[in-house]
1. Report the gain in length on full extension from Arg77 to Thr235: 0.36 nm times residue separation, minus Cα-Cα distance, nm rounded to one decimal.
2. Measuring from label point to label point, each 7 Å out along Cα→Cβ, what is the Glu207 to Ser195 span in nm?
3. Gap in Å between the Cα centre of the stretch 137-168 and the Cα centre of the stretch 172-241?
4. Once both labels are modelled 7 Å past Cα along the beta-carbon direction, what's the Arg62-Ile214 spacing in nm?
5. Once you have the Cα-Cα distance between Arg137 and Glu171, take 0.36 nm times their residue separation minus that, and quote the gain in nm to one decimal.
6. Based on other C-beta atoms within 10 Å, arrange Trp253, Trp208 from fewest to most.
7. Residue separation times 0.36 nm, minus the C-alpha to C-alpha distance between Phe187 and Asp126: what's the value?
8. So, by mean Cβ neighbours within 10 angstrom, what's the order for 19-27, 209-217 with the highest one leading?
Amino acid sequence: MNGDRRVVPPIEAPCEPGLLTEARFVPQRYEPNYAYPLLVLFHGRGGDEHQMVRSMPSMSWRNYVGLGLRGPETAIRREHHDGYGWGDDFARADRRHGHGRPRSPLTDREIVRRALADEGPLDPVDLVEDGVFAAVRNLRRTLHVHSERIFLVGCGEGAAVAFRLALSYPERFAGVVAINGWLPGEFRALGRLKSCRDLRILVVHGEWNARAPIHLARLQVAMLRAGGLRVAFQTYPCAHRLTSPMLADVDTWLINQCTSEL
């Protein structure tokens with residue numbers, strides 16, 4: 001499997017109105033009669049839809065279909081555009097509203113305009129959820145993926161998105177991979193405890209991660225395990241970056257989840 005790892009440009013996919021901007025990874029020698037596991041990929045703050053897709057070959061060239069999604073919020077750093085984010089509901093605790101990073105709520109005029117135009121839900125979390133489900137449905141029209149092997153993979157802020165979706169809709173996903181991330185704030189992670197006990201979770205985290213300290217990751221893993229969830233946890237001698245050993249272990253874990261169902 002290691003021999004499959006190489007660098008490959010992601011495939012651009014057209015974005016229909018109402019969908020999150022996306023990039024796709026199609027396996028080498030794609031076989032349309034085979035139902036592939038699907039990895040829905042959520043980038044960290046300051047990234048974009050390509051960030052996680054570019055990492056797919058470091059896991060495997062052939063094993064998965066990848067769907068990278070772009071966060072709906074423009075990230076600003078030093079008054080300049082710096083990639084994208086997923087919104088205040090998924091941010092680190094020190095970046096949430098009231099902790100140094102202002103929110104940019106819709107104006108009354110925009111709320112009225114959207115309501116009159118019937119543009120859908122206004123809640124930011126609902127917008128992300130609807131965008132993710134719509135993107136998955138759209139991808140399944142053109143690529144053959146296994147409906148019971150859809151995994152959510154997030155890095156940093158994207159891990160909070162993956163956690164929220166998986167723990168809110170455990171019946172729709174096979175598992176979640178959180179890389180250097182955290183559970184979203186003000187969210188009842190164990191609100192659907194009974195339904196979540198079949199959900200598979202992998203948490204991989206850098207021991208020197210200053211953005212999301214390792215002790216907080218350990219506490220959150222302990223909380224999930226105390227609720228009866230099956231959580232694999234692995235640490236690495238690195239900071240907040242994605243590393244090859246992390247991705248190789250993610251690949252091994254994913255393959256084990258898929259083959260254990262056979």
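Where a number appears in this text, it was derived from the coordinates with a stated rule and is not lab data. None of the values given here were measured: they were computed from a predicted structure. Neighbour counts are summed over all protein chains in view; Cβ atoms, including those assigned to glycine, are modelled from backbone coordinates with ideal geometry.
1. 54.0 nm
2. 3.9
3. When both Cα centres are located, 16 Å separates them.
4. 3.6
5. Working: separation 34, 0.36 × 34 = 12.24 nm, distance 1.59 nm.
Length gained between Arg137 and Glu171: 10.7 nm.
6. Trp208, Trp253
7. Details: separation 61, 0.36 × 61 = 21.96 nm, distance 1.36 nm.
Fully extending the segment from Phe187 to Asp126 adds 20.6 nm.
8. Values: 19-27: 20.6, 209-217: 15.8.
Result, highest mean first: 19-27, 209-217.
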